[in-house]
Amino acid sequence: MGTSVATQWVYDFTEGSRDMRELLGGKGANVAEMTRVLGPERVPAGFTITTEACVAYMHADRTPPAGLEAQVDDALARLEQQAGKRLGDPDDPLLVSVRSGARDSMPGMLDTVLNLGLNDRSVRGLAARTQNERFAWDSYRRFVQMFGNVVRGVEGERFEDAIKAAEVENFRWHGLINVVHVPVFRQMFPFREPLPAGGGYSTACTTKSIALRASRCSRALSLKVVR
């Protein structure tokens, strides 16, 4: 009796090429080709969750396929080892971007989510590491705003209104900190679960949530190191 081979749902950038567009989506195939041509030392590392994983997720009534979470965890561990940083680390966090890419170019694609890896603790580590508190909190604001809009469907105007309201009583950068850190943004999310705090499981949840909002056209999700 033959042994069944587990489906590979996740590909490192070093494993793909432009010929794998059907599997990796447009963005995933392009960055894989860039990595192949220029070399991994010149292209930020990352990995792609395949279009097949997206199809399987939708066909199974929004249930991730068997083995996907473990493969994401393994890919994230490799990414952390390469970068010398950990996602969500309170002292020096690894930050990644999440992008979706369909097999064929089409309008209405999902926007990018930047700075995944920031949370209430790691943002302070980023501020200390860069010695730039405004940069760190603005990066966190950008992540919360993108996550809320792309993954949870919260209208961008709600965030902008909250920021403007805070600016009335505070200097701009100090008001930005208050908006992000205190509960204004938290109250905008119509769900009980917390924002991703960093780590393999949170990453899997984030990519799963993005797939939840995907259209009928299957898409791949690519995660790439930002910092």
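Please treat every number below as a calculation from the coordinates, not as lab data. Just so it is clear, the structure is predicted and the values come from calculations on it, not from any experiment. Cβ atoms come from the backbone with ideal geometry, glycine included; neighbour counts cover every protein chain shown.
Once a ≥ b ≥ c are taken as the square roots of the eigenvalues of the Cα gyration tensor of the stretch 1-97, is the result rounded (a/c under 1.5), prolate (a/b larger than b/c) or oblate (a/b not larger than b/c)? Provide the component values of the computation, followed by the final result.
Values: a/c = 1.85, a/b = 1.28, b/c = 1.44.
Oblate, since a/c reaches 1.5 and b/c is not below a/b.
When the label point is put 7 Å from the Cα of Ala83 along its Cα-to-beta-carbon vector, which residues of the stretch 131-155 have a backbone N closer than 15 Å?
Answer for this model: 139-140, 143.
Could you calculate the FRET efficiency of Asp74 with Phe135 from 1/(1 + (r/R0)^6), where r is the beta carbon distance between them and R0 is 45 Å, rounded to 0.05? Before the final figure, lay out each step's value.
On the way: r = 32 Å, r/R0 = 0.70.
Result of the calculation: an efficiency of 0.90.
Quick check: the distance between the Cα centres of the stretch 79-98 and the stretch 148-166, to the nearest angstrom?
For the stretch 79-98 versus the stretch 148-166, the Cα centre distance is 26 Å.
Among 44-57, 24-37, how do they line up by average Cβ neighbours within 10 Å per residue, starting with the highest? Before the final figure, lay out the partial values.
Values: 44-57: 23.4, 24-37: 21.6.
The packing order, highest mean first, is 44-57, 24-37.
Express the relative contact order of the stretch 8-98 as a whole percentage, based on alpha carbon pairs under 8 Å and six or more residues apart in sequence. All intermediate terms of the calculation are to be shown ahead of the outcome.
Details: 98 pairs, mean separation 24.1, N = 91.
With pairs under 8 Å counted, the relative contact order is 27 percent.
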